[in-house]
1. Check ALA259, ALA219 and return the single one that is among the aliphatic types (A, V, I, L, M) and in contact (Cβ under 8 Å) with a residue 24 or more places away in the chain.
2. Conditions: (1) at pLDDT 95 or above; (2) in a loop (DSSP other than H, G, I, E, B); (3) within 29 Å of VAL35 (Cα to Cα). ARG85 meets all but one. Number of the miss?
3. Counting only residues that are part of a helix (DSSP H, G or I) and either surrounded by fewer than 17 Cβ atoms within 10 Å (Cβ to Cβ) or β-branched (Val, Ile, Thr) (or both), how many does the range 11-33 have?
4. Check ARG274 against each of (1) modelled with pLDDT of 95 or more; (2) closer than 28 Å to PHE182 by Cα and name the one condition it does not meet.
5. Test each condition in (1) at negative phi; (2) at pLDDT 95 or above for GLY63 and report the one that comes out false.
6. Is it true that SER189 is assigned to a loop (DSSP other than H, G, I, E, B) and either touching a Cys at 6+ places or on another chain (Cβ under 8 Å) or among the polar types (S, T, N, Q) (or both)?
7. Being surrounded by fewer than 18 Cβ atoms within 10 Å (Cβ to Cβ), among the acidic types (Asp, Glu), part of a helix (DSSP H, G or I) and over 20 Å from the mean Cα position of the chain (by Cα): is that true of ASP151 here?
8. Would you point out which residue out of LEU60, LEU36, LEU105 is touching a residue at least 12 places away in the same chain (Cβ under 8 Å), in contact with a helix residue (DSSP H, G or I) (Cβ under 9 Å, 6 or more places away or on another chain), surrounded by fewer than 21 Cβ atoms within 10 Å (Cβ to Cβ) and under 18 Å from PHE272 (Cα atoms)?
Amino acid sequence: MMNLIEKKYYHTLIEPLKCVIINNLFARSVIEQKVLGKVYVDNFDNPRTYYIVHPYGMSLLFGDCNNIDFNEKFKEYALNTNFERKKHEWMQAFPCNWDSVLSNLFGNFMIKSSDNIEKKEHEIIELNTRVNFKFNEQKYREFNLHNSSSDFHIVRSERHIFLDMKGSVVPSSFWDNEDDFFEKGVGFSLFYENKLASTAYSAFIHDNKLEIGIETIEAFRGNGFAQYVCSALIDYSIENRYEPIWSCRKENLNSYKLAQKLGFEPIKEIPFYRLSN
């Protein structure tokens, strides 16, 4: 079975989640109830398989991959056979044993992101690649020596930015409300000709780790603003003894290249499954 559990039982996943060694800060945010999300297990009393969904649409499947009953229910969920899911999800699975299990489970419903196959949206599992990076401060320092411009100004994000920033990867997608964000998170915003152009912010903060979220308003893209506003957040992280964290889809070339420009080095690539709505 695949059962949705109540928040009061989320704490039971804290220890199992510690065994997941890929970047899972988004899943921690749900389990620790820093943001609203959904959690599914196979069995309430003695769970072996887990599925955590962050409201942004990122999800994590982990635990026992040979759980036949759960897997069959999960296949229905992933393919959205009942049209219950209203938006797509980006799923990671751990450990790697899951990859062959999911390949067999999804069969012809799974395509590579580069494939041009016409299927109904709810019949597609699109296979991408997610990259985890490690921050190299020395490389960042080399970049930052030449990182200056007078054409714009960067400020600590004010409260109105939470609602004013438009796009898909914005603070309101990762925090329940502006009060939570400004009490527990941090952001920096870049203004060009007195107009909000780009924002870099903490998508997640756990322990000494701060994961970076970044969005540039469409009209201002292509100007290199993201590197400057991200640099402000990285400086803040270093000054406050946070380790900057970056993960992205490898197929997102702009994010992938920007990460390396800012001193992040790719350390791990994992399958990244897009579950369509």
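1. ALA259
2. So ARG85 meets the others, but not (1).
3. Count: 8.
4. (2)
5. (1)
6. So SER189 fails the test.
7. no
8. Of the residues listed, the single one that is touching a residue at least 12 places away in the same chain (Cβ under 8 Å), in contact with a helix residue (DSSP H, G or I) (Cβ under 9 Å, 6 or more places away or on another chain), surrounded by fewer than 21 Cβ atoms within 10 Å (Cβ to Cβ) and under 18 Å from PHE272 (Cα atoms) is LEU105.
The values are calculated or read from the model by the stated rules, or taken from the named source; none is laboratory data. Bear in mind the structure is a predicted one, so any value in this text is a computation, not a measurement. A quick note on method: Cβ atoms are made from the backbone with ideal geometry, for glycine too, and the neighbour counts reach across all protein chains shown.
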